[in-house]
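Chemist: Handing you a structure now.
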Amino acid sequence: MSENQASLTAGGNSVDMPIKSGTIGPDVIDIRKLYGQTGMFTYDPGFTSTASCDSAITYIDGDEGVLLHRGYPIGQLAEHSSFMEVSYLLLNGELPSQQELADFTRTITRHTMLHEQLATFYRGFRRDAHPMAVMCGVVGALSAFYHDSTDIADPVHRKISSHRLIAKMPTIAAMAYKYSVGQPFIYPDNKLSYTGNFLKMTFGVPAEEYEVIPAVEKAMDRIFILHADHEQNASTSTVRLAGSSGANPFACIAAGIACLWGPAHGGANEAALNMLKEIGTPDRIQHYIDRAKDKNDPFRLMGFGHRVYKNYDPRATVMQQTVREVFDALKVNDPLFETALRLEEIALSDPYFAEKKLFPNVDFYSGIILSAIGFPTTMFTVLFALARTVGWVAQWNEMISDPGQKIGRPRQLYTGPTARDYVPLSDR
Ligand code: ACO
């Protein structure tokens, strides 16, 4: 057996399987021939040890707390870049020149308007609908409105649909919010930045001039950068799986939104803020820490722990700094921030959290910032979906452009009844 092969003996057969190396990160054992040679499948519910694809977009080293987009560390991008630039980077692989960034921004800006008939579509939803329910419906409906960009075999169609999705998501998200509060929809204002425009469409009203506060715009843009992509997470894998059958990109992104909605994924920021509100003051923290450690109590510290990060989530570091900037800009001082800081301090000095490698994740501080800006908790996951759309689109494009792409089709360990004969109804 050569050095770059793994061998497995199973069912009386010995199988050699190639080991593949990426540019960084763990090697993978290519098991594609396993079934043919042994008649056995691998078994990995939750995909804890399974790489589902090749990808050159995002790299995470969870033990070291590293997150790179196309090789660039998230901390550097959050500090120096913009969401438009990061979007270009994720889609194209390289940072843009000034001209490329200007052209890309202009293209996205020109796609921000929604087909006018979509406004009627919103009115079919109940006023009290959760905005994520509205997002699933409206984004899924885009393929009915933009059918001219749904031929996935045509690179031009793919490019236009990608631009449309990134550009229209802020408009769709802001309209979901406006509908829920009974205010009129605000049209996009192409003089503004991507993020400034979103803030205006969300918080502006026709009766008054809306002024974008630069520090809030910057903070929001940074939050979008922090959520732009995260490798093969549940919603991204959902987008890829939906796309692997040849479904159109609007349908695939709607599938990603549905997956993101769950509390173990995009919904955790809402839960983290609710938990901080329940704790209230620092003197009550120890009680909740004790509850989190108690095996007989289902309570968990929300915003703590991560499937991949077994060290500080680098996005949480940036989030913590951003809280202060937003508070300064808006002249607010939410005591929950002090509670959060103290909770982090107490938890990190507790052996339980150290042993289990539980650190604050991106959701621990994001709820505090978003609520200071004025978003209701039901909008938190919508903002996540807005930002993650560029990651979904980049990953979908990468998959469709890969000539070796196959339909995703996992197998199973069957535990149901073996073959048996049908019993007529009269005999049962
Ligand atoms: N509080 C207290 N204990 C915890 C926590 C927590 N937040 N998270 C994990 N643990 C403990 C578990 O009880 C378990 O203990 P055990 O080994 O004694 O049974 C151990 O740590 C490992 O936990 P698992 O649930 O097996 O780890 P997994 O990788 O499957 O789960 C998850 C990761 C779901 C994120 C988990 O840490 C959690 O529920 N955190 C709170 C929810 C949250 O913040 N989610 C946001 C994730 S980030 C994102 O999606 C953008």
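Where a number appears in this text, it was derived from the coordinates with a stated rule and is not lab data. No experiment lies behind these values; they were computed from the predicted model shown. Cβ coordinates were reconstructed from backbone atoms using ideal geometry, including for glycine residues, and neighbour counts include every protein chain displayed.
Chemist: Please report Arg342, Arg110 as a ranked list, fewest other C-beta atoms within 10 angstrom at the top and most at the bottom. Kindly include the intermediate steps, with their values, before the conclusion.
Modeler: Working: Arg342 15, Arg110 12.
Sorted ascending by nearby Cβ count, the order is Arg110, Arg342.
Chemist: Is the shape of segment 343-413 rounded, prolate or oblate, going by the alpha carbon gyration tensor and its root eigenvalues a ≥ b ≥ c, with a/c under 1.5 for rounded and a/b larger than b/c for prolate?
Modeler: On the way: a/c = 3.14, a/b = 1.49, b/c = 2.11.
Note, shape of segment 343-413 comes out oblate.
Chemist: Please report, in debye to the nearest 20, how large the charge dipole of the chain is about its Cα centre when each Lys and Arg carries +1 at its beta carbon and each Asp and Glu carries -1 there. Show your work: numbers first, answer last.
Modeler: Numbers: 39 positive and 47 negative charges, 223 e Å.
It works out to roughly 1060 debye.
Chemist: For segment 1-83, which trypsin sites (Lys or Arg not before Pro) are in a loop by DSSP, counting at most 13 other Cβ atoms within 10 Å?
Modeler: Here the sparse-neighbourhood loop sites are Arg32, Lys33.
Chemist: Just in segment 372-425: which trypsin sites (Lys or Arg not before Pro) are loop by DSSP and have at most 10 other Cβ atoms within 10 Å?
Modeler: Those satisfying the criteria are Lys406, Arg411, Arg420.
Chemist: Continuing with this model, one more query. What number, in percent, do you get for the relative contact order of segment 277-401 if the mean sequence gap of Cα pairs under 8 Å and at least 6 apart is divided by its residue count?
Modeler: Normalised by residue count, the contact order of segment 277-401 is 32 percent.
Chemist: Provide the packing ranking of 226-232, 310-316, 398-404, i.e. peptides ordered by the mean count of other C-beta atoms within 10 Å per residue, highest first.
Modeler: Packing proxy ranking, top to bottom: 226-232, 310-316, 398-404.
Chemist: Test of understanding: in a Gaussian network model of the chain with alpha carbons linked when under 10 Å, which of Ser349, Ser55, Ser161 would top the mean-square fluctuation ranking?
Modeler: Its mean-square fluctuation being the largest, the pick is Ser349.
Chemist: Quick one: grab the alpha carbon gyration tensor of segment 129-218, order the square roots of its eigenvalues as a ≥ b ≥ c, and give me rounded if a/c is under 1.5, else prolate or oblate depending on whether a/b is larger than b/c.
Modeler: Working: a/c = 2.67, a/b = 1.58, b/c = 1.69.
Because a/c hits 1.5 or more and a/b fails to exceed b/c, segment 129-218 counts as oblate.
Chemist: So which GluC sites (Glu not before Pro) in segment 70-148 pass both tests, a DSSP loop state and at most 16 other Cβ atoms within 10 Å of the Cβ?
Modeler: Here the GluC sites (Glu not before Pro) that fit, given the DSSP loop and packing criteria, are Glu94, Glu116.
Chemist: Ok, one more. What 222 nm value per residue comes from the helices of the chain, counting each DSSP H run with n ≥ 4 as -39,500 (n - 2.57) and dividing by all residues, nearest 500 deg cm²/dmol? All intermediate terms of the calculation are to be shown ahead of the outcome.
Modeler: Values: 18 runs with 219 residues, N = 428.
Result for the chain, helices only: -16000 deg cm²/dmol.
Chemist: Stokes-Einstein D for segment 77-413 at 20 °C, 1.002 mPa s, Kirkwood Rh over Cα pairs, in µm²/s?
Modeler: Reported coefficient: 103 µm²/s.
Chemist: Using Cα-Cα distances under 8 Å and only pairs 6 or more residues apart, what relative contact order does the chain have, in percent?
Modeler: Working: 574 pairs, mean separation 82.6, N = 428.
Result for the chain is 19 percent.
Chemist: Now a separate question. Taking the chain as a Gaussian network, Cα atoms linked when under 10 Å apart, which of Tyr414, Tyr59, Tyr187 shows the biggest mean-square fluctuation?
Modeler: Checking each option, the largest mean-square fluctuation is seen for Tyr414.
Chemist: Please report the spacing between the Cα centers of segment 148-195 and segment 227-246 in Å, no decimals.
Modeler: Result: 19 Å between the Cα centres.
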